[in-house]
Amino acid sequence: MAQNVTSVDLQAKAEALAKEGVVGITIAWADNNGITRSRTVPVDQLAAVAERGVGVTTLFAVFDSHDGITFGHPGLSTPSGDVRLVPVADRIVQLAGQPEFAWVPGRQ
């Protein structure tokens, strides 16, 4: 059975990752075109980011598959506003090819 975010001791997880040499955690999500996007946060900020998320521009909703931005969407034609990206904390894994980083899927 998978743990939920509240059952994961995030401070202990961050400390364990730091002892393994991890300095950053990359939070990934797929945009509306199925393109993987990400934000990277310092490992010592894991608990705070899991609680309040990290900001992602609302413009990701109007990126096309070539990373162009379509401007015909009222309310989404400027970068004002914010979407919060929250890591799925029980899915964090250290990257084998880049051991200074860990990866985790995110929820918007």
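Looking only at residues in the range 1-22 that are part of a helix (DSSP H, G or I) and among the aliphatic types (A, V, I, L, M), the one that is modelled with the lowest pLDDT is Val5. Restricting the range 11-34 to residues that are over 16 Å from Trp103 (Cβ atoms) and not charged (D, E, K, R) leaves a set whose member that is surrounded by the fewest Cβ atoms within 10 Å (Cβ to Cβ) is Gly34. Contact annotation: residue pairs with Cβ atoms under 8 Å, 6 or more positions apart or on different chains, pairing a residue in the range 14-38 that is farther than 15 Å from Val49 by Cα and hydroxyl-bearing (Ser, Thr, Tyr) with a partner that is part of a strand (DSSP E or B) and open to solvent by 20 Å² or more (accessible area, probe 1.4 Å), are Thr36/Ala30.
The values are calculated or read from the model by the stated rules, or taken from the named source; none is laboratory data. All of these numbers come straight from a predicted model, not from anything done at the bench. Every residue, glycine as well, gets a Cβ built from its backbone with ideal geometry; the counts of neighbours run over all protein chains shown. The area values use the complete protein model at the heavy-atom level, side chains included, leaving out ligands, DNA and RNA. Shrake-Rupley method; radii C 1.70, N 1.55, O 1.52, S 1.80 Å.
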